[in-house]
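Notes for the one structure printed next.
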Amino acid sequence: MSQEIKVALIGLDTSHAVQFAKRAQSPNCPADQKVDGLRIVTCLRFETPFQNKEGLDERQKQLEEWGIRVTESLDEAVADCDAVMLTINDPARHLEFFEACAGLGKPMFIDKPLADNVANARKIAKIAKERNLRVWSASSLRFSPQLIEACEAVPEPLHVSTYGHMGTAPAGSSIVWYGVHAFEMLQRAAGRGASTVQTVGTNCGAVCVVEYENGRQGVVELLKNGSGYGGFVRDRDKAVPFVVDHSRLYTDQLKLVVEFFKGGSAPVEIEDAVEVMAMLDAAERSLNSGKAEAV
C-alpha cells in the first residue's frame, strides 16, 4: 500500500463526506485541521431520504473542486482505492453497501451508526469476522478529549450521564440516527455490559435509563432543540463533568481512520459498536412499548 492511502467514499447524503474530504485535500483547510496521509479519489453518490438531488449536486460540485471523481457506479468508485469509508447518512443502507464492499478485502470505516438495527449490526460483525476484514465504526464524539479526560479520572464509574442532540430522522428511528452520539459517549465511559434500556419520551426529546449487569447505571438525555454534548462520570468518591469541544471532532476522528488504514489497530472494537447499536435498538423499542427492553 502506498504511503498516501487512496480512499473511496461510499455515500454523499451526509455532510460528513464533505467534512472528511475538506480535511484531506481542500487547499483552504486550516493547517491545524488538515489531515495528511490519505487522498480521497472517488465518491459514490445515490439519493436517500436524507438528501435530495439538489443537495447531492451541491456536494458533488464541492468534491470535484477538490479533485474527487463522483460517480453513480460502485465498481468505478472502488476500482482504484486502498480503503473504503462508508459515509452514508441513511443507516438502513449500511448493511447493503458493506456487503457490496466486503469482497474487496480492503480496510473499511463505517460512519455512525453501525446499522439501522441490532440485527443488521450483528450481520456486519459476523461478515467481518468470517472474512477476517479490518473494519471499525464509531461516532466522533467517542474520541472527545474532554470525555476521555473524565473517563481517565473515573476509570470504574458507577453512574454515567450523557446528553446530546436528537435530530428528526427523515426515515427510520431518530434515536438510532442521532442518539448514537450520546450513547457512544456512554459506552466509552461505562464499557460493555448493558442489560436493559427504558426510554421515556418528553416534550424536549427522550430520556433513556440504561441498567448494567453489575448494578451500574447510565442515563442518556436526548434533546430535540439541543446542540451541545456532555455529561458526567461518577463513582463513590467524585463526579467529573465534561463538555465536548466540537472544533476538532472530524479532524481527530479522521486521523484515527488514517492510522487504521495504514495498518494500525482499530480504535474501537466491532463488539463495542454492536453494543452501542443494541442499546439504541432497545431504546427505540422501549419508546414504543413503554417498558424496559433487553439489550
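Each value in this text was obtained by applying a stated rule to the coordinates, not by laboratory testing. Computed from a prediction, not measured in an experiment: that's the story for all the values here. With ideal geometry, Cβ positions are generated from the backbone for all residues, glycine too; neighbour counts draw on all protein chains shown.
To the nearest 500 deg cm²/dmol, what mean residue ellipticity at 222 nm is calculated for the chain from DSSP H runs of n ≥ 4 alone, each contributing -39,500 (n - 2.57), summed and divided by the residues?
After summing the helix terms and dividing by the residues of the chain, the value is -11500 deg cm²/dmol.
Counting alpha carbon pairs within less than 8 Å and at least 6 residues apart, what relative contact order, in whole percent, applies to the stretch 5-139?
26
With charges only on Cβ, +1 for K and R and -1 for D and E, what is the dipole size of the stretch 153-295 about its Cα centre, in debye, rounded to 20?
In total the dipole reaches around 300 debye.
Answer with one residue from Ala100, Ile88, Ile127: the one whose Cα lies farthest towards the positive end of the charge dipole of the stretch 5-139, charges on Cβ with Lys, Arg +1 and Asp, Glu -1.
Looking along the dipole axis, the top candidate is Ile127.
When Lys and Arg each count +1 and Asp and Glu each count -1, what net charge do the other residues less than 10 Å away from Asp80, Cβ to Cβ, add up to?
Net charge in that neighbourhood comes out at 0.
If the elastic network links every pair of Cα atoms under 10 Å, which of Asp237, Asp57, Asp36 fluctuates the most in the Gaussian network model of the chain?
The residue that fluctuates most here is Asp237.
As I understand it, the dipole of the chain uses +1 on the Cβ of Lys and Arg and -1 on the Cβ of Asp and Glu, about the Cα centre. Which of Val257, Phe242, Gln25 lies farthest toward its positive end?
The listed residue farthest towards the positive side: Phe242.
Tell me which of Ser15, Gln60, Leu38 sits at the most positive position along the dipole axis of the stretch 5-139, charges placed on C-beta atoms (Lys, Arg +1; Asp, Glu -1).
The listed residue farthest towards the positive side: Leu38.
How big is Rg to Rh over the stretch 182-270, alpha-carbon atoms, Rh as the Kirkwood inverse-mean-distance radius?
Rg/Rh for the stretch 182-270 comes to 1.02.
Report the relative contact order of the chain, percent, no decimals, based on alpha-carbon pairs under 8 angstrom and at least 6 residues apart.
Relative contact order here is 19 percent.
Taking the chain as a Gaussian network, where each spring joins two C-alpha atoms under 10 Å apart, which residue of Asn89, Asn203, Asn132 fluctuates the most?
In the Gaussian network model the winner is Asn203.
Work out the length of the dipole vector of the chain about its Cα centre, built from +1 on the beta-carbon of each Lys and Arg and -1 on the beta-carbon of each Asp and Glu, and round it to the nearest 20 debye.
200
Can you tell me which lysines have their Cα less than 25 Å from the Cα of Lys123? Leave out same-chain residues fewer than eight positions away.
Within the straight-line cut-off, Lys123 pairs with Lys106, Lys112.
With only Lys, Arg, Asp and Glu charged, each at its Cβ (+1 for the first two, -1 for the last two), find how big the charge dipole of the stretch 5-139 is about the Cα centre; round to the nearest 20 debye.
Magnitude of the dipole: close to 560 debye.
Loop only per DSSP, at most 16 neighbouring Cβ atoms within 10 Å: give me the trypsin sites (Lys or Arg not before Pro) in the stretch 80-143, ordered by residue number.
Hits after loop and neighbour filter: Arg131.
So for the stretch 111-215, what percent of the C-alpha to C-alpha distances run longer than 25 Å?
For the stretch 111-215, the share of Cα pairs beyond 25 Å comes to 26 percent.
Find the all-direction average of the projected area of the Cα convex hull for the stretch 5-139, expressing the result in square nanometres with one decimal place.
Its average projected convex-hull area is 7.7 nm².
Using only the C-alpha atoms of the chain, find the volume of their convex hull and express it per residue in Å³.
Hull volume normalised by residue count: 126 Å³.
For all pairs of alpha-carbon atoms in the stretch 90-137, what percent lies in each bin of width 10 Å, listed from the first bin to the last filled one?
29, 64, 8
Within 10 Å of each candidate Cβ there may be at most 13 other Cβ atoms; applying that plus a DSSP loop requirement, which GluC sites (Glu not before Pro) in the stretch 203-268 survive?
Glu213
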